[in-house]
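Colleague: Sharing a structure, written as structure tokens. Questions coming.
The values are calculated or read from the model by the stated rules, or taken from the named source; none is laboratory data. The structure displayed is predicted, hence computed values, not measured ones. Cβ: placed from backbone, ideal geometry, glycine included. Neighbour counts: every protein chain shown.
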Amino acid sequence: MGDGFEIVDNYEVQDLTEIKQDSNLLPVTKNLKVRISKAGIQENKAKDIFSLKLELRIVDGIINAEGVPQYINKPLFTGIMDLVYGAKNAETRDKEGKKWWKSGQHLVGFKQFCTALDIPLTGIKINDAFLGGLIDKELLIDIKHEADTAMDADGNRVATGTFRERISAFKKVV
């Protein structure tokens with residue numbers, strides 16, 4: 001055991017030759033330039049979490065293995081938790097000693113978004129003027145893959161076996 005290896009049973013992995021990423025998902029990407037084409041708001045089903053709902057269009061594409069840009073002008077959409085700007089009763093949402101909501105962690109993505117677009121971090125009012133001012137602004141984002149979940153019969157979140165795109169890491173175009 002001193003050489004860092006442990007003895008394990010052999011496990012033969014299936015043939016990976018034909019395994020491909022789900023074609024409905026964009027590749028994991030960093031610093032993807034997007035333009036905001038539509039802006040609105042969205043609420044969760046309980047109507048106690050509020051976030052921006054944006055349609056983002058890919059500007060320069062994602063370069064494939066052959067060096068060719070793909071997905072130019074393809075739309076992406078923010079999810080309910082990507083750009084949360086408010087929550088009713090945030091102080092009571094946390095469970096079991098967690099302070100994610102109470103400490104404002106739900107606002108981190110929104111703060112990154114505002115910083116990327118040079119929006120002042122104080123006095124923000126989400127209204128028609130704010131949303132209209134977002135149209136045609138450009139920023140950089142990261143796309144990652146996240147496991148889809150759904151509520152089971154007991155009210156617990158469980159993985160569904162599928163994945164979705166998650167937009168994160170809003171940055172300024174330089």
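Colleague: State whether one or more residues within region 109-120 are over 18 Å from LYS33 (Cα atoms) and in contact (Cβ under 8 Å) with a residue 12 or more places away in the chain.
Modeller: Within region 109-120, none of the residues are over 18 Å from LYS33 (Cα atoms) and in contact (Cβ under 8 Å) with a residue 12 or more places away in the chain.
Colleague: Restrict the check to region 22-32 and report whether at least one residue is among the small types (Gly, Ala, Ser), part of a strand (DSSP E or B) and surrounded by fewer than 17 Cβ atoms within 10 Å (Cβ to Cβ).
Modeller: Within region 22-32, not a single residue is among the small types (Gly, Ala, Ser), part of a strand (DSSP E or B) and surrounded by fewer than 17 Cβ atoms within 10 Å (Cβ to Cβ).
Colleague: Inside region 86-143, can you point out the residues that are within 24 Å of VAL173 (Cα to Cα), small (Gly, Ala, Ser) and out of contact with any Asp or Glu (no Cβ under 8 Å at 6 or more places or on another chain)?
Modeller: ALA116, GLY123, ALA129, GLY132, GLY133, listed by residue number.
Colleague: If you don't mind, another one. Mind checking which residues of region 121-159 are polar (S, T, N, Q) and farther than 29 Å from ASN31 by Cβ?
Modeller: So in region 121-159, the residues polar (S, T, N, Q) come out as 122, 127, 149, 156.
Residues satisfying the conditions are ASN127, ASN156.
Colleague: Also: Which of (1) at pLDDT below 95; (2) in contact with a strand residue (DSSP E or B) (Cβ under 9 Å, 6 or more places away or on another chain); (3) hydrophobic (A, V, I, L, M, F, W, C) is the odd one out, the single condition LEU56 does not satisfy?
Modeller: (1)
Colleague: Scanning for something among the small types (Gly, Ala, Ser), closer than 25 Å to PHE163 by Cα and assigned to a helix (DSSP H, G or I), does region 44-55 turn up at least one residue?
Modeller: Within region 44-55 (the criterion being among the small types (Gly, Ala, Ser), closer than 25 Å to PHE163 by Cα and assigned to a helix (DSSP H, G or I)), the answer is no, since none of the residues qualifies.
Colleague: Of the numbered conditions (1) in contact with a Ser or Thr (Cβ under 9 Å, 6 or more places away or on another chain); (2) part of a strand (DSSP E or B), ALA169 fails exactly one; give the number of that condition.
Modeller: Result: ALA169 passes all but (1).
Colleague: Residues that are polar (S, T, N, Q) and surrounded by 13 or more Cβ atoms within 10 Å (Cβ to Cβ), at least 2 per element: which helices (runs of 4 or more DSSP H) completely within region 57-148 meet that?
Modeller: 108-116
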